[in-house]
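Here's the structure, in structure tokens; my notes come after.
Read-outs throughout are calculated quantities, based only on the coordinates presented, and are distinct from any laboratory measurement. All values derive from a computational prediction rather than experimental measurement. Every residue, glycine among them, receives a Cβ derived from its backbone with ideal geometry; neighbour counts consider all protein chains shown.
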Amino acid sequence: MRFVALVLFVLSAPAMIAASDPLRQSRQCLVVVSRDWNSKTALLRAYERKNSRSEWQARGPEIPVVLGKTGLAWGRGLAKPDQGKLPSKREGDNKAPAGIFRLGLAFGYAPARRARWVKLRYLPLTKQIEGIDDPQSRYYNQLVDRSKVKRVDWRTSEQMRREDDLYKWGVLVKHNTPSQPGAGSCIFLHIWKNATNPTAGCTAMSEKSLVRLLGWLDPAARPLLVQMPRREYAAFRAKFVLPSAQ
């Protein structure tokens with residue numbers, strides 16, 4: 001019986017480790033560290049490594065980014081923090097989510113044939129594609145093609161093909177997945193208006209910087225976004241194998 005128990009423990013150990021370390025399988029990581037919870041700006045740095053036993057290596061220079069109009073709040077991602085009295089991300093709070101998140105599909109105004117250089121799964125945006133932010137909708141926190149929906153059940157949404165260039169290129173951040181109504185929706189990496197104008201809850205940067213990241217991000221490397229204030233990042237780094245943020 002002791003032998004069987006030992007075998008079961010050994011077989012289950014990798015799964016236990018993977019569950020406790022959300023970065024275990026990742027070889028690409030975007031780290032956004034802000035001064036504090038109220039910061040509207042921060043710095044992003046990309047890191048990569050060969051495997052889970054390798055050291056993280058910085059790739060490229062630091063990238064200035066803008067965050068939510070009211071700073072940050074803990075989001076629903078891969079790691080559950082010891083939150084205490086700190087706020088949780090909610091729909092409409094104008095806060096960017098803090099935590100560790102997978103990166104999903106890329107999107108943009110260009111047709112697919114002109115975005116073949118993007119390794120992530122790519123969604124060409126049309127006037128029919130909307131980001132659903134109505135917590136009562138069964139499509140909450142999803143990008144949906146209105147023309148393909150038999151019954152539209154949402155009252156509010158954001159048209160993704162905008163008149164400006166904010167979503168000319170972007171990446172979906174897998175915050176609040178699977179969706180909990182009201183916990184925040186449609187979080188992206190996208191192009192900023194400028195270096196001082198914050199967002200409604202996304203992380204935005206210059207088009208040049210975002211395009212450079214899009215050419216590098218590879219789904220095979222299981223890229224992640226790690227985003228939080230400096231003090232919390234230091235605590236998470238002590239717990240997980242995170243890059244050394246400068």
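Details
- Spacing of the modelled spin labels on K148 and A235, each 7 Å from Cα toward Cβ, amounts to 4.2 nm.
- Full extension of the chain between A220 and L86 gives 44.8 nm of extra length, using 0.36 nm per residue less the Cα-Cα distance.
- Choice from F236, F107, F188 with maximal GNM fluctuation in the chain (Cα, 10 Å cutoff): F236
- The antiparallel fraction among DSSP beta bridges confined to the chain stands at about 65%.
- Summary of packing: across the peptides 129-137, 57-65, the per-residue average of other C-beta atoms within 10 Å ranks them, highest first, as 129-137, 57-65.
- Legend: ranking of residues D165, D93 from fewest to most surrounding C-beta atoms inside 10 Å; resulting order D165, D93.
- Legend: distances between Cα atoms for K95/K208; K80/K150; K127/K174; pairs beyond 30 Å are K80/K150.
- Each Lys and Arg Cβ is given +1 and each Asp and Glu Cβ -1; about its Cα centre, segment 117-213 then shows a dipole of about 360 debye.
- Segment E207-Q57, extension gain: residue separation times 0.36 nm, minus the distance between their alpha carbons: 51.6 nm
- Taking a Cβ cut-off of under 14 Å around A183, the surrounding Lys, Arg, Asp and Glu residues balance to a net charge of +2, with basic ones at +1 and acidic ones at -1.
- Selected from L23, W154, G182, residue furthest toward positive end of dipole (segment 2-239; charges at beta carbon): L23
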